[in-house]
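Before any comments, here is the structure.
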Amino acid sequence: MIIQCTKALLDKIGIKESELAPAEGYEQFPNSFMAWHANFVSVKRGKAIILMNNETRYPVVIYKPGKKDFSNIKDLIREAITEALRMESIRKEVIESYMAMGDISFSKTANRSMVAKMNNCVREIEFMEEFIDKETKVQKYISIVTGRFIQQTGKNESFYPVEKMLNCLGKVYGLDKSTAKEEVLDVECYQLKIQINLDGHDIWRRVTVPSAYSFSHLHNIIQTVFDWQNYHLHEFTVKRVENKPIQIVMDDDPETLEYLNHEDSDIRQERFVALEEIFPKSLEVMYEYDFGDSWEHTITLEKVEKSNVFQATFLEGKGERPPEDVGGSWGFEEYLRVMKNENDPSYNEINVWAESQKERKLSSEKINQRLKHVIKGNGYSTYVF
């Protein structure tokens, strides 16, 4: 494997020019797949090493490497690439096979075309820098997001880096071309039942979710399967017997973080907590949406299963969720009472109001089509594809 570095990165690593490998010969597959261009840039008020695979343009980020890291840079690069591929649920043996294809060497950048592609990769990282965890050196989620940015070729063709990465790994591992994309994946999925806690009502949804998804992804999944409109604040709570509870909070609202009690709870940001860090040690998690109406959801892990699709899937559900801003459980009961009686003086007014507030009747196919977009990091959208 060769890392083709900018001068800024070579200066930090401290490699002499006489020790550099030739930069040529990595333009075509399979050599291009074993080559990464790398730069040392400022991102999110810190320095970062950004790696981009020559063939697939898949990105990997190392944030705030220290002096000791540069003296052990090969191991750090291996760790970062391995972790990025693991978070994509790529099979362990496939990752090991790829990483075992020769020692890491360094060279200068190859040509202006590759430098331009790398610069574009850096811009994409900067654009989605909110997915960089300041507390972590090897980044987990920025690759998942930017690896799904569409890329253009000189032939007016386009591709997604993650899909090309899966196909190339399949080729290197000797898998059948038609099924390589699925065969390189070994996705651990959690089957979750999500129930709204309302006395006298049985309202729930059942989904499968890859264990590598974050709690930010899970929030968007819950919003999607219940067709909530994401108007309000939310948080997850994990109760523990011997330790204080974990509060997993939304991290795109500064006020949410400012007023939290760090003494009573272990506070974590949902964008950087993977489901696998909580499940299956905790079989149950609470999710509260809308701190005014206070819609509490109990999330129960029912089973763990394997899949070759890195995607959340809606399985089934029961009951229509309360309308947004209906006024909590009391308001919901009042809403149901009025809607049962067309002669009620408030019926027409409430019926018109509810059209924009209640859950839409969407097919399983429509819900799953919406769930495909959860992983892309674009946030929640009420748009029905």
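Would you confirm whether any residue within segment 251-266 is closer than 19 Å to I194 by Cβ, out of contact with any helix residue (DSSP H, G or I) (no Cβ under 6 Å at 6 or more places or on another chain) and either in a loop (DSSP other than H, G, I, E, B) or acidic (D, E) (or both)?
Checked segment 251-266: no residue is closer than 19 Å to I194 by Cβ, out of contact with any helix residue (DSSP H, G or I) (no Cβ under 6 Å at 6 or more places or on another chain) and either in a loop (DSSP other than H, G, I, E, B) or acidic (D, E) (or both).
Please work out which residue is nearest to the chain's Cα centre (by Cα), limiting yourself to segment 352-382 and to residues that are closer than 25 Å to G292 by Cβ and surrounded by fewer than 14 Cβ atoms within 10 Å (Cβ to Cβ).
Going through the qualifying residues, I end up with G379.
If I filter segment 105-123 for residues that are in contact with a helix residue (DSSP H, G or I) (Cβ under 6 Å, 6 or more places away or on another chain), modelled with pLDDT of 95 or more and over 24 Å from I150 (Cα atoms), do I get at least one hit?
No, segment 105-123 contains no residue that is in contact with a helix residue (DSSP H, G or I) (Cβ under 6 Å, 6 or more places away or on another chain), modelled with pLDDT of 95 or more and over 24 Å from I150 (Cα atoms).
Picking from E96, E126, which residue would you name as being touching a residue at least 12 places away in the same chain (Cβ under 8 Å) and of a type outside the set (K, R)?
Checking each option against the conditions leaves just E126.
Return the residue satisfying two criteria in turn: it lies in segment 333-351 and is among the polar types (S, T, N, Q) and under 25 Å from Y231 (Cβ atoms), and of such residues it is surrounded by the fewest Cβ atoms within 10 Å (Cβ to Cβ).
N348
Between a first residue in segment 22-33 that is surrounded by fewer than 17 Cβ atoms within 10 Å (Cβ to Cβ) and a second residue that is aliphatic (A, V, I, L, M), which pairs have beta carbons less than 8 Å apart while being 6 or more apart in sequence or on different chains?
Pairs found: E24/A110; E27/A110; P30/V172.
Kindly establish whether L301 is under 33 Å from the mean Cα position of the chain (by Cα), surrounded by 16 or more Cβ atoms within 10 Å (Cβ to Cβ), over 14 Å from F226 (Cβ atoms) and in contact (Cβ under 8 Å) with a residue 60 or more places away in the chain.
Yes.
Kindly indicate the residue of segment 292-308 that is outside any strand (DSSP E or B) and touching a strand residue (DSSP E or B) at 6+ places or on another chain (Cβ under 8 Å) and also nearest to E333 (Cα to Cα) among those meeting that condition.
Within segment 292-308, the match that is nearest to E333 (Cα to Cα) is S294.
Would you confirm, using the coordinates I've provided, whether D176 is free of Cβ contacts under 8 Å to residues at least 24 places away in the same chain and either in a helix (DSSP H, G or I) or charged (D, E, K, R) (or both)?
yes
Just give me the residues in segment 231-250 being surrounded by 18 or more Cβ atoms within 10 Å (Cβ to Cβ) and touching a helix residue (DSSP H, G or I) at 6+ places or on another chain (Cβ under 9 Å), in sequence order.
Passing the criteria: H234, E235, F236, I248, V249.
Okay, residues lined up against (1) farther than 20 Å from P210 by Cβ; (2) touching a strand residue (DSSP E or B) at 6+ places or on another chain (Cβ under 7 Å); (3) of a type in the set (A, V, I, L, M, F, W, C); (4) surrounded by fewer than 14 Cβ atoms within 10 Å (Cβ to Cβ):
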{"residue": "Y98", "(1), (2), (3), (4)": "yes, no, no, no"}
{"residue": "M101", "(1), (2), (3), (4)": "yes, no, yes, yes"}
{"residue": "I150", "(1), (2), (3), (4)": "yes, yes, yes, yes"}
{"residue": "N156", "(1), (2), (3), (4)": "yes, no, no, yes"}
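Output the residues belonging to segment 309-321 that are modelled with pLDDT of 95 or more, surrounded by fewer than 16 Cβ atoms within 10 Å (Cβ to Cβ) and either assigned to a strand (DSSP E or B) or β-branched (V, I, T) (or both).
Once the filter is applied, which keeps residues that are modelled with pLDDT of 95 or more, surrounded by fewer than 16 Cβ atoms within 10 Å (Cβ to Cβ) and either assigned to a strand (DSSP E or B) or β-branched (V, I, T) (or both), segment 309-321 yields L315, E316, K318.
The values are calculated or read from the model by the stated rules, or taken from the named source; none is laboratory data. Remember, it's a predicted structure, so these values are computed and weren't measured experimentally. Counting neighbours? That spans all protein chains shown, and the Cβs are built from the backbone with ideal geometry, glycine included.
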